[in-house]
Amino acid sequence: MVGAGGGIGAAFVRALAGGRWAGPVVALSRSGAAPERTLRQVDAGAMAHVLQVNSIGPALAAKHFLPLMPRQGRSLFAALSARVGSIGDNRLGGWMSYRASKAALNQLIRCFAIEMARTHRDAVVVGLHPGTVDTPLSRPFQANVPEGKLFGPDFSAAALLDVLDRLTPQESGGCFDWAGARIPE
């Protein structure tokens with residue numbers, strides 16, 4: 001699990017280590033950056049860092065882990081994305097670096113899925129949107145979250161694991177939310 005130091009990542013590790021799936025759990029973490037709310041706040045260094053963490057990091061993980069997946073039988077590669085990475089669903093603007101990094105990640109997921117389908121017919125490669133999760137990253141932005149739409153990390157991780165259980169190779173390359181709905185590209 002890459003990103004195990006955050007609220008959602010730590011919840012995934014707890015669920016997986018608690019016997020949710022068989023096999024060892026390897027937990028890695030990195031540091032994030034706060035998203036900018038307006039164009040005036042865009043900073044080249046901060047933007048590069050956000051892209052490094054949210055797009056380049058998962059790409060490098062995929063580079064090393066996807067070739068290790070079995071060629072026969074179902075296998076999974078999932079990266080935490082976000083609904084704000086959807087170009088078609090963007091109605092508010094803001095969060096430029098974060099949105100761009102998640103849109104890039106969604107495109108990478110699509111590319112990984114296409115390549116994997118050539119040699120790993122049963123592989124599922126997807127992006128996952130956890131919903132708005134009560135973590136330090138989201139706390140400054142929780143005031144506008146509708147009632148019942150702020151999730152605890154353990155709930156979100158369990159919901160996403162349920163989604164992963166149901167996804168098929170035909171859905172590979174997509175991004176899915178915590179309820180299993182496909183997010184527009």
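The values are calculated or read from the model by the stated rules, or taken from the named source; none is laboratory data. For clarity, every value in this text was computed on a predicted model and none was experimentally measured. Glycine also receives a Cβ, built like all others from the backbone with ideal geometry; neighbour counts cover every protein chain displayed. Ligands, DNA and RNA are stripped out before the accessible areas are found, and what is left, the full protein with its side chains, is counted by its heavy atoms. Shrake-Rupley method; radii C 1.70, N 1.55, O 1.52, S 1.80 Å.
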inquiry  = Can you list residue pairs whose Cβ atoms sit under 9 Å apart, with the first residue in region 163-185 being farther than 15 Å from Gly88 by Cα and the second being among the hydroxyl-bearing types (Ser, Thr, Tyr)? Count only pairs 6 or more apart in sequence or on different chains.
reply    = Trp178/Ser156
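Among the residues of region 143-152 satisfying the criterion of being in contact (Cβ under 8 Å) with a residue 12 or more places away in the chain and of a type outside the set (Lys, Arg), which is surrounded by the most Cβ atoms within 10 Å (Cβ to Cβ)? It would help to see each step written out before you state the result.
Kept after step one, since they are in contact (Cβ under 8 Å) with a residue 12 or more places away in the chain, are these residues of region 143-152: 145, 149-152.
If we keep only those that are of a type outside the set (Lys, Arg) too, we end up with 145, 150-152.
Details: Val145: 14, Leu150: 14, Phe151: 22, Gly152: 14.
Filtering first and then ranking leaves Phe151.
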task = Return a yes/no flag: does region 87-97 have any residue that is modelled with pLDDT under 95, surrounded by 18 or more Cβ atoms within 10 Å (Cβ to Cβ), touching a helix residue (DSSP H, G or I) at 6+ places or on another chain (Cβ under 7 Å) and within 15 Å of Pro58 (Cβ to Cβ).
result = no
Which numbered condition Gly88 misses (of (1) under 16 Å from Phe176 (Cβ atoms); (2) of a type outside the set (A, V, I, L, M, F, W, C); (3) touching a strand residue (DSSP E or B) at 6+ places or on another chain (Cβ under 8 Å)) = (3)
Hits in region 168-185 - residues which are within 15 Å of the chain's Cα centre (by Cα) and in a loop (DSSP other than H, G, I, E, B) = Ser172, Gly173, Gly174, Trp178, Ala179, Gly180, Ala181, Ile183, Pro184, Glu185
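Of all residues in region 120-142, count the ones that are under 13 Å from the mean Cα position of the chain (by Cα), more than 19 Å from Pro58 (Cα to Cα) and touching a residue at least 24 places away in the same chain (Cβ under 8 Å).
Going through region 120-142 one residue at a time, the tally reaches 2.
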query = Of all the residues that make up region 36-68, how many are acidic (Asp, Glu) and either in a helix (DSSP H, G or I) or open to solvent by 70 Å² or more (accessible area, probe 1.4 Å) (or both)?
reply = 1
query = Listed residues Ile109, Ile183; which is of a type in the set (Val, Ile, Thr), in contact with a Lys or Arg (Cβ under 8 Å, 6 or more places away or on another chain), surrounded by 20 or more Cβ atoms within 10 Å (Cβ to Cβ) and within 30 Å of Asp43 (Cα to Cα)?
reply = Ile183
Ile114, sole failed condition from (1) open to solvent by 50 Å² or more (accessible area, probe 1.4 Å); (2) touching a strand residue (DSSP E or B) at 6+ places or on another chain (Cβ under 6 Å); (3) within 16 Å of Glu185 (Cα to Cα) = (2)
Residue check for Gly127: assigned to a strand (DSSP E or B), open to solvent by less than 30 Å² (accessible area, probe 1.4 Å) and not aliphatic (A, V, I, L, M) = yes
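Take Ala113 and tell me if it is within 28 Å of Pro67 (Cα to Cα), hydrophobic (A, V, I, L, M, F, W, C) and at pLDDT below 95.
Spelling it out, it is not the case that Ala113 is within 28 Å of Pro67 (Cα to Cα), hydrophobic (A, V, I, L, M, F, W, C) and at pLDDT below 95.
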